[in-house]
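Colleague: Sharing a structure, written as structure tokens. Questions coming.
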Amino acid sequence: MIQERRTEELHGVLGMERRNFMPFVAAAGVLLLLLAGAVIVLYNEQTYREAKTQQVEAQSRILASTVSAALAFDDRKAAHEYVKALAVDPQIQTAAVYGPQGQLFASYSRSADVALPAKISEAAPTPTGEQLVVTTPVRQGMAPLGTVYLQTTIDPISRRFERYAVLALLVTMASLIFVMLGVAQRQLAAANERLRRQGHDLVDANEKLRAQIEQRETAEAALRQVQKMEAMGQLTGGIAHDFNNLLQVIIGSLEVLQRRQQVVGDDAKRTIAAAVRGAERAATLTQRLLAFARRQPLNPKPIDVNKLVTGMSELLHRTLGESITIETVLAGGIWRVNADANQLENALLNLAVNARDAMDKGGKLTIETANTHLDEAYAHTNEIDPGQYVLIAVSDTGAGMPGDVLSKAFEPFFTTKDVGKGSGLGLSQVYGFIKQSEGHAKIYSEPGEGTTIKLYLPRFMASSEATDLPLEACGLPAGQSDRLVLVVEDDADVRAHAVGILNELGYSVLEAADGAAALQALDAHPGIKLLFTDVGLPGGLNGRQLADEARRRCPNLLVLYTTGYARNAIVHQGRLDPGVDLITKPFTFAALATKVNAVFDGREGSHRASAL
Amino acid sequence: MRRKARTVAAVRLLLVAIAACLLSLAATHARAQTPSVEYAVKATYLYKFAPFVEWPAGAFEPSDPLVICVVGNDPVADLVDEAVKGQAALGHPIEVMHPGASSPDARCHILYVALRGAAAASLLERVRGKPVLTVTDAANEPRATGIVNFVVQDNRVRFEIDLRAAAENHLVISSKLLNLASRVSPKP
Ligand SMILES: Nc1ncnc2c1ncn2[C@@H]1O[C@H](COP(=O)(O)OP(=O)(O)O)[C@@H](O)[C@H]1O
Ligand SMILES: [Mg+2]
């Protein structure tokens with residue numbers, strides 16, 4: 001591309017030179033040709049005149065010689081005859097013979113208009129224009145007898161120019177060719193210029209188109225993902241359902257066999273028991289398939305997730321082993337959700353198992369609960385209903401997932417683990433169950449840092465309970481334009497979202513995509529009051545390091561962190577100090593408004609944040 | 001200056017000649033040429049023949065004057081002296097002699113025979129074979145004519161040329177002169 005543009009520029013430069021050069025060459029060529037033509041014509045004209053003069057002089061001398069006797073013996077008739085003989089030459093206009101005293105002796109005129117001097121003087125008139133006059137003295141021996149006077153027309157200019165017509169034609173044609181060459185060159189250059197401009201336009205249009213296509217592809221990819229999950233659910237669902245029924249028949253039959261003790265011996269009993277265990281394992285797998293397909297029979301009841309998590313702690317400790325510490329951060333006043341408790345436990349267990357697998361050298365598992373609100377925008381892009389949800393976030397300090405794994409992690413049978421270790425059905429069960437419960441599941445992960453998986457379950461509203469909206473009920477605190485906020489976020493969409501909210505609230509907002517840009521902005525705008533930064537930033541400076549450096553430069557700067565990770569996970573992993581102001585993604589309009597206002601008012605936001 | 005002097009010297013005759021021309025123009029078809037003009041013209045013609053004649057080698061040396069001999073007596077003969085005054089022929093001065101009929105000068109280049117009848121014939125016979133341009137006038141009715149013989153035609157002085165006689169006298173006559181002759185008798 002750069003190469004192409006270079007050659008293009010080079011062509012442009014050459015084209016420019018040629019454009020400037022060609023008309024000059026054409027003009028010079030035409031001028032030269034004309035000059036050469038003129039010189040040739042002038043030269044010819046000169047030689048023609050000389051030849052003509054010589055010819056007329058010869059004629060004149062001949063006449064002078066022949067007429068001498070007639071002059072000497074006063075024979076006008078003879079003289080007239082001689083003179084008339086010259087009429088054969090059509091160019092001779094006048095021929096005359098004058099006597100020794102200059103008196104007219106004999107003459108011939110082609111036409112009456114030709115003036116003939118009545119007397120001839122010694123100094124003959126010089127040839128003028130198209131006339132050539134020659135006088136020759138008549139002598140016989142030494143004696144002067146008189147003068148011969150000849151007046152001829154030189155070929156009329158038109159006749160002479162007829163002779164030059166071919167030359168003129170050639171010169172004209174050559175000139176025309178030069179001119180046409182010049183014109184063609186100019187048009188070519190213009191056409192090239194147009195073409196180049198069109199090319200640029202085309203590149204621009206192409207760029208726009210590519211951007212559009214990319215956008216659409218992203219949207220389509222998201223849609224495809226949803227559709228793929230749907231299709232997979234349909235497929236696995238159908239098989240799993242039949243399979244489940246068949247397993248019920250097998251297990252039922254085996255149990256009948258076990259009860260008929262007289263029929264079988266101990267040996268057979270052990271065998272039957274093994275078959276039952278295998279069938280039950282198969283039934284569990286099938287259950288998970290059904291879960292992904294959202295076809296498992298659910299038994300939703302209003303439950304308190306805090307209680308459920310607490311009840312699982314023993315199981316989790318056993319599952320995770322000694323090397324992994326477990327933190328649970330449970331929000332007070334948690335809303336109830338309407339869900340199948342067994343399946344929710346299954347889901348949390350699956351997440352815990354995955355966390356354990358990701359932390360083979362030990363680490364920390366954090367389970368948080370919170371009341372949250374998912375707004376229209378977020379709900380729309382994730383195809384869920386906006387509203388109030390209870391969040392259960394499970395975070396680990398494990399290996400994390402690269403993007404391609406993350407995008408497929410929810411799919412059934414997708415695993416990166418060795419055969420026998422992973423079934424690929426853990427996250428698919430979580431996904432299917434949460435979806436079937438009209439909730440929402442989301443993975444945040446950074447390779448090397450860890451993973452947070454957030455489960456949103458819709459708030460359960462009993463008819464007797466008042467529908468209170470604590471966050472929005474108190475009205476949103478407006479911002480002030482003298483409060484300058486710097487938003488630092490590498491994800492352009494999230495950044496735009498945050499900037500949009502803050503602008504709408506009335507804050508003045510600057511934005512930066514990474515730590516370096518943020519520091520530059522801070523130096524350039526000493527008026528920045530609040531640094532609102534993502535914790536995970538690319539470019540060697542994470543959110544915390546950025547905040548530390550910024551604080552060193554302006555000690556009074558307020559800092560608000562944001563992260564996709566659950567707050568306590570981040571704090572407990574030591575990535576942030578407890579007590580810092582933090583808002584977790586996804587955040588709502590109201591949540592950000594409240595949080596930013598709280599930070600500005602110097603209120604300790606951590607209580608509020610933990611409530612989120 | 002010399003040229004001017006010569007011109008002035010020639011004026012008289014030339015005036016006569018011009019007058020003759022003009023008169024001849026005026027009188028071409030009216031009446032005959034005035035006899036005196038006719039004689040003057042003939043007298044002038046005598047030396048005018050010289051440039052159209054080629055004398056044999058030795059007969060006309062560059063240092064020699066052109067010698068015009070006039071033998072006999074007629075109106076023309078009287079005017080010859082007058083006519084050649086101040087004239088030159090082929091760069092030679094002109095000398096006019098009037099020798100006796102019996103002994104025409106051996107130096108004569110042009111001999112005007114102003115004799116009539118047999119006298120003319122005998123004189124012509126005497127110079128036959130000598131490099132002399134003999135001139136006779138038909139008006140004198142000579143028994144024999146010279147190489148050149150004046151005649152008057154249409155009231156104008158013309159001349160006949162006898163090439164045989166010229167050849168006998170070793171003279172070559174210019175074709176230009178022959179072209180003007182009213183009659184040319186051919187060589188034998
Ligand atoms: N907490 C986690 N940390 C890192 N990778 C994970 C985590 N959870 C899931 N994964 C990735 O997602 C894949 C799918 O998980 P899952 O559906 O539970 O199947 P399985 O655990 O049997 O492989 C895993 O193989 C793993 O690569
Ligand atoms: Mg798993």
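Colleague: I'd like the full set of residues that are more than 14 Å from every other protein chain (Cβ to nearest Cβ), under 15 Å from the mean Cα position of the chain (by Cα) and not in a helix (DSSP H, G or I), limited to region B:153-188.
Modeller: Residues satisfying the conditions are B:D162, B:L171.
Colleague: Quick check: is even one residue across region A:393-413 among the aromatic types (F, W, Y), more than 14 Å from chain B (Cβ to nearest Cβ) and within 16 Å of ligand 2 (Cβ to nearest atom)? Let's see the steps before the verdict.
Modeller: As a first pass, look at region A:393-413 and keep what is among the aromatic types (F, W, Y): A:410, A:413.
Going one step further and asking which of them are more than 14 Å from chain B (Cβ to nearest Cβ), we end up with A:410, A:413.
Filter once more, keeping what is within 16 Å of ligand 2 (Cβ to nearest atom): A:410, A:413.
For region A:393-413, residues among the aromatic types (F, W, Y), more than 14 Å from chain B (Cβ to nearest Cβ) and within 16 Å of ligand 2 (Cβ to nearest atom): present.
Colleague: If only one of A:E376, A:E345, A:E368 is modelled with pLDDT under 90, more than 12 Å from ligand 1 (Cβ to nearest atom) and more than 14 Å from chain B (Cβ to nearest Cβ), which one is it? Step through it out loud before you land on a result.
Modeller: Working: A:E345 fails: modelled with pLDDT under 90; A:E368 fails: modelled with pLDDT under 90.
Result: A:E376 is the single residue among A:E376, A:E345, A:E368 that is modelled with pLDDT under 90, more than 12 Å from ligand 1 (Cβ to nearest atom) and more than 14 Å from chain B (Cβ to nearest Cβ).
Colleague: Residues of region A:422-431 being touching a residue at least 24 places away in the same chain (Cβ under 8 Å) and either surrounded by fewer than 19 Cβ atoms within 10 Å (Cβ to Cβ) or within 7 Å of ligand 1 (Cβ to nearest atom) (or both), which ones?
Modeller: Here is the first cut: in region A:422-431, the residues touching a residue at least 24 places away in the same chain (Cβ under 8 Å) are A:422-423, A:425-431.
Passing the criteria: A:G422, A:S423, A:L425, A:G426, A:L427, A:S428.
Colleague: Let me ask something additional. Is it fair to say A:G540 is touching a strand residue (DSSP E or B) at 6+ places or on another chain (Cβ under 9 Å) and farther than 24 Å from A:Q480 by Cα?
Modeller: Values: touching a strand residue (DSSP E or B) at 6+ places or on another chain (Cβ under 9 Å): no; farther than 24 Å from A:Q480 by Cα: yes.
Here the answer is no, as A:G540 does not meet what is asked.
Colleague: Which residues, counting only those in region A:280-298, are touching a residue at least 24 places away in the same chain (Cβ under 8 Å), not in a helix (DSSP H, G or I) and not polar (S, T, N, Q)? Even if it seems obvious, please write down each step before you answer.
Modeller: Step one: of region A:280-298, the residues touching a residue at least 24 places away in the same chain (Cβ under 8 Å) are A:280, A:282-283, A:285-296, A:298.
Filter once more, keeping what is not in a helix (DSSP H, G or I): A:293-296, A:298.
Within region A:280-298, A:A293, A:R294, A:R295, A:L298 meet the criteria.
Colleague: Could you tell me which numbered condition A:A370 fails, if it satisfies all but one of (1) outside any helix (DSSP H, G or I); (2) within 16 Å of ligand 2 (Cβ to nearest atom)?
Modeller: (2)
Colleague: What's the total number of residues in region B:80-134 that are touching a residue at least 60 places away in the same chain (Cβ under 8 Å) and among the basic types (K, R)?
Modeller: Total meeting the criteria: 1.
Colleague: Right, something else. Being of a type outside the set (S, T, N, Q), facing chain B (nearest Cβ under 7 Å) and either surrounded by fewer than 24 Cβ atoms within 10 Å (Cβ to Cβ) or over 19 Å from A:S109 (Cβ atoms) (or both) is the filter here; which residues of region A:62-86 pass it? Break it down stepwise before answering.
Modeller: In the first step, residues of region A:62-86 are kept if they are of a type outside the set (S, T, N, Q); the result is A:62-64, A:67, A:69-86.
Now drop any that are not facing chain B (nearest Cβ under 7 Å), which leaves A:69-70, A:72-75, A:78.
Scanning region A:62-86 gives A:A69, A:A72, A:F73, A:D74, A:D75, A:A78.
Colleague: For B:D154, are the conditions met, namely being of a type in the set (D, E, K, R) and modelled with pLDDT under 90?
Modeller: Working: of a type in the set (D, E, K, R): yes; modelled with pLDDT under 90: yes.
Yes, satisfied.
Colleague: State whether the residues of region A:325-344 include one that is within 16 Å of ligand 2 (Cβ to nearest atom), in contact with a Lys or Arg (Cβ under 9 Å, 6 or more places away or on another chain) and not basic (K, R).
Modeller: No, region A:325-344 contains no residue that is within 16 Å of ligand 2 (Cβ to nearest atom), in contact with a Lys or Arg (Cβ under 9 Å, 6 or more places away or on another chain) and not basic (K, R).
Colleague: When region A:299-333 is examined, which residues are found to be part of a loop (DSSP other than H, G, I, E, B) and within 15 Å of A:L391 (Cα to Cα)? So that I can check it myself, show each step before the final result.
Modeller: Applying the first criterion (part of a loop (DSSP other than H, G, I, E, B)) to region A:299-333 yields A:299-300, A:304, A:321-323, A:330-333.
Result: A:D304, A:L330, A:A331, A:G332, A:G333.
Colleague: Within region B:92-105, is there a residue that is within 14 Å of chain A (Cβ to nearest Cβ), out of contact with any helix residue (DSSP H, G or I) (no Cβ under 6 Å at 6 or more places or on another chain) and buried (at least 17 other Cβ atoms within 10 Å of the Cβ)?
Modeller: Residues of region B:92-105 that are within 14 Å of chain A (Cβ to nearest Cβ), as a first pass: B:92-94.
From what's left, out of contact with any helix residue (DSSP H, G or I) (no Cβ under 6 Å at 6 or more places or on another chain): B:92-93.
From what's left, buried (at least 17 other Cβ atoms within 10 Å of the Cβ): B:92.
So far as region B:92-105 goes, yes, one or more of its residues are within 14 Å of chain A (Cβ to nearest Cβ), out of contact with any helix residue (DSSP H, G or I) (no Cβ under 6 Å at 6 or more places or on another chain) and buried (at least 17 other Cβ atoms within 10 Å of the Cβ).
Colleague: A follow-up question, please. Could you list all residues from region A:414-454 that are more than 15 Å from ligand 2 (Cβ to nearest atom), in contact with a strand residue (DSSP E or B) (Cβ under 9 Å, 6 or more places away or on another chain) and farther than 11 Å from A:F292 by Cβ?
Modeller: A:S437, A:E438, A:G439, A:H440, A:K442, A:Y444, A:G450, A:T452, A:K454
Colleague: Find all pairs meeting these conditions: Cβ atoms under 6 angstrom apart; at least six residues apart or on different chains; first residue within region A:393-416 and hydroxyl-bearing (S, T, Y); second residue more than 13 Å from ligand 2 (Cβ to nearest atom) and not in a loop (DSSP other than H, G, I, E, B).
Modeller: Qualifying pairs under 6 Å: A:S395/A:T366; A:S395/A:T452; A:S395/A:A569; A:T397/A:G363; A:T397/A:K364; A:T397/A:G450.
The values are calculated or read from the model by the stated rules, or taken from the named source; none is laboratory data. Model, not experiment: these values are computed from the prediction. Cβ: placed from backbone, ideal geometry, glycine included. Neighbour counts: every protein chain shown.
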